[in-house]
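J.: Attaching a single structure in structure tokens format; questions to follow.
Quick note: the coordinates plus some simple rules give every number you see, no bench work behind them. Just so it is clear, the structure is predicted and the values come from calculations on it, not from any experiment. When we count neighbours, we look across all protein chains shown, and the Cβ atoms used for this are built from the backbone with ideal geometry, even at glycine.
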């Protein structure tokens, strides 16, 4: 399995969480009130896992492949800019949820708009990497490149979807499973 395969696995796992948030958006639009604490935990997990593990791995790998192909270089620049934008979107959404949890009056349509923007931007970013970045890296990579990339950016255990479930995410994982069953 190459580093790109591992990053794609991360995308699949993050996509599962984004699908849960999509379900929540549908429920919100039909008048249901979500568990804001659980929603904050999911968004916090997505943002923190991306910032602490996923994006740093990508950045190291992308730096290794910069300068090999002009089209790839353009895609990598766009990707780096999106990483900054995604972090800002997550921080804004978490701030809105924090306000709600602290009894601030936030119109539901405003909250839904923030949540939809967050989900769509995350999905769009992953699609861009899957379509424009990963295939171009595969086109230029050699066997020694894969070995170097693996050493440069070793795999990390995903605390929610990995084989070793981190204590801090054990409850979140169970709540998500419960929530999926209730939504079915």
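J.: Specify the residue with the greatest mean-square fluctuation among 47, 132, 141, computed from a Gaussian network of the chain linking alpha-carbon atoms under 10 Å apart.
T.: Looking only at 47, 132, 141, the biggest GNM fluctuation is shown by 141.
J.: With contacts defined as alpha carbon pairs under 8 Å and 6 or more residues apart, what's the relative contact order of the chain in percent?
T.: Contact order relative to length: 34 percent.
J.: Another question, if that's okay. Over all pairs of distinct alpha carbons, what does the Kirkwood formula give as the hydrodynamic radius of the stretch 1-135, in Å?
T.: Roughly 15.8 Å, rounded to one decimal.
J.: Now a separate question. Using the number of other C-beta atoms within 10 angstrom as an exposure proxy, rank 120, 129, 110, 6 with the fewest first.
T.: If I rank by nearby Cβ atoms, fewest first, I get 110, 120, 6, 129.
J.: Which of 124, 30 comes first, and how do the rest follow, when ranked by fewest Cβ neighbours within 10 Å?
T.: 30, 124
J.: Enter the Cα centre distance for the pair the stretch 82-124 and the stretch 3-33, rounded to the nearest angstrom.
T.: Result: 14 Å between the Cα centres.
J.: Would you mind ranking 106, 100 so that the residue whose beta carbon has the fewest other beta carbons within 10 Å leads the list?
T.: 106, 100
J.: For the chain, set up a Gaussian network in which alpha carbons nearer than 10 Å are linked by springs, and say which option among 103, 22, 41 fluctuates the most.
T.: 103
J.: Something else about it: When the chain is modelled as a GNM with alpha-carbon springs shorter than 10 Å, which of 35, 13, 121 fluctuates the most?
T.: Ranking 35, 13, 121 by mean-square fluctuation puts 35 first.
J.: Please report the relative contact order for the stretch 60-165, taking Cα pairs under 8 Å with a sequence separation of at least 6, and give it as a percent rounded to a whole number.
T.: Computed over the stretch 60-165, the figure is 39 percent.
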